[in-house]
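I have placed the structure first, in the form of structure tokens, so that the comments after it can refer back to it.
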Amino acid sequence: MDVDPIVSAAEPAPPKNADLPVRVASAVVMLVIAGVAFWAGGVALDLFVAAVAFGVFVEYVLLASKIAENPARLGSMVIAGAIYIGWAGLALAVMPEPLMIAVLGLVICTDTGAYFTGRSLGGPKIAPRISPSKTWSGLLGGMAAAGIWAALVVLSASYLISTMGPTGPSIAAALETANIGMAALAGAFLAVFAQAGDFYESWLKRRAGVKDSSRLIPGHGGLFDRVDGLLPVAIIAGTAWAATQAGL
């Protein structure tokens, strides 16, 4: 039986957010796994970080294999990816857990602030050929959200330190010791690198001609898609922390 083309064309399109339940379910599973790793801490958390880093590296190599024109180019890209992803993974593994949580929160705030500000205000695109949805207003929104997060983290840490003082916990004492302005600037600075990490992965996917780094996570793509902005921030924060511990 022939299908009337007019009737077929009039059939309703799939809902725009048809995959929302899958995305939510996947997000819950990811949060539970990460939460268990953080709760266990120690070796379990290190193994979790190593497993994620290895998965990201595998996805990076798959992208590189679609981009490289020859074995020499592929080899150089694999070495660069190993340094980039391995450095980020090592930085996360060696930094204390409170700093890791602060770094993760900063990246989440950057992405959230950029998403909602970009959708609300729109405006000129940063690099439409690489990532058509990224706008300058979104970048500024992400920087503002990251700056606020960093300021709150530093203020909270100063407040906890004040509890060990002779006068007990004091918001006034925390405000005196916490350099909130510098913390906000540092957060905004790191937000730029988080967005740069996002752009870098988008550029790789454009070159490879794929939408996602893999199909590992239903509704979300691959591991690389989830941590692209985290990698450069982890490198900067982890290296800075290691330098302070070494007295540099």
Next item on the list: May I have the count of lysine pairs in the chain with C-alpha atoms under 19 Å apart, counting pairs 8 or more residues apart or located on different chains?
Entry: 7
Next item on the list: Note the full-extension length gain between L74 and A246 as 0.36 nm times their separation in residues minus their Cα-Cα distance, in nm to one decimal.
Entry: 58.4 nm
Checklist line | With all protein chains modelled, accessible area of I217 [1.4 Å, Å²] | finding: 20 Å²
Notebook entry, point to check: Simple spin-label model, 7 Å along Cα-to-Cβ: S120 to M182 in nm?
Noted result: 3.1 nm
Notebook entry, point to check: Which order, highest average first, do 178-189, 35-46 follow once you tally other Cβ atoms within 10 Å for each residue and take the mean per peptide?
Noted result: 178-189, 35-46
Notebook entry, point to check: So, counting K/R as plus one and D/E as minus one, what does the shell of residues with Cβ under 15 Å around S137 add up to?
Noted result: +2
Check: Which whole-angstrom value gives the distance between the alpha carbon centres of the range 80-110 and the range 205-248?
Finding: 8 Å
Next item on the list: Would you mind getting the accessible area per residue of the chain, heavy atoms of the protein chains only, 1.4 Å probe, in Å²?
Entry: 59 Å²
Next item on the list: Before rounding to the nearest 500, sum -39500 (n - 2.57) across all DSSP H runs of length at least 4 in the chain and divide by the residue total; then give [θ] at 222 nm in deg cm²/dmol.
Entry: -25500 deg cm²/dmol
Note to self: Among 60-71, 85-96, how do they line up by average Cβ neighbours within 10 Å per residue, starting with the highest?
What the structure shows: 85-96, 60-71
Checklist line | Length-normalised contact order for the chain - Cα pairs under 8 Å, 6+ apart - percent | finding: 23 percent
Notebook entry, point to check: Rounded, prolate or oblate: which fits the range 12-159, taking a ≥ b ≥ c as square roots of the Cα gyration tensor eigenvalues, rounded meaning a/c under 1.5, else prolate when a/b beats b/c?
Noted result: rounded
Check: Could you list, bin by bin from short to long, the percent of Cα-Cα pairs of the chain in 10 Å steps?
Finding: 7, 24, 33, 22, 9, 4, 1, 1, 0
Next item on the list: Starting with the highest mean, order 130-142, 21-33 by the number of other Cβ atoms within 10 Å, averaged over the residues of each peptide.
Entry: 130-142, 21-33
Next item on the list: Please find the FRET efficiency linking V22 to Y200, where r is the Cβ-Cβ separation and R0 is fixed at 25 Å, and quote it to the nearest 0.05.
Entry: 0.40
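The values are calculated or read from the model by the stated rules, or taken from the named source; none is laboratory data. None of the values given here were measured: they were computed from a predicted structure. Counting neighbours? That spans all protein chains shown, and the Cβs are built from the backbone with ideal geometry, glycine included. All accessible areas refer to the heavy atoms of the entire protein, side chains included, with ligands and DNA or RNA removed. Shrake-Rupley method; radii C 1.70, N 1.55, O 1.52, S 1.80 Å.
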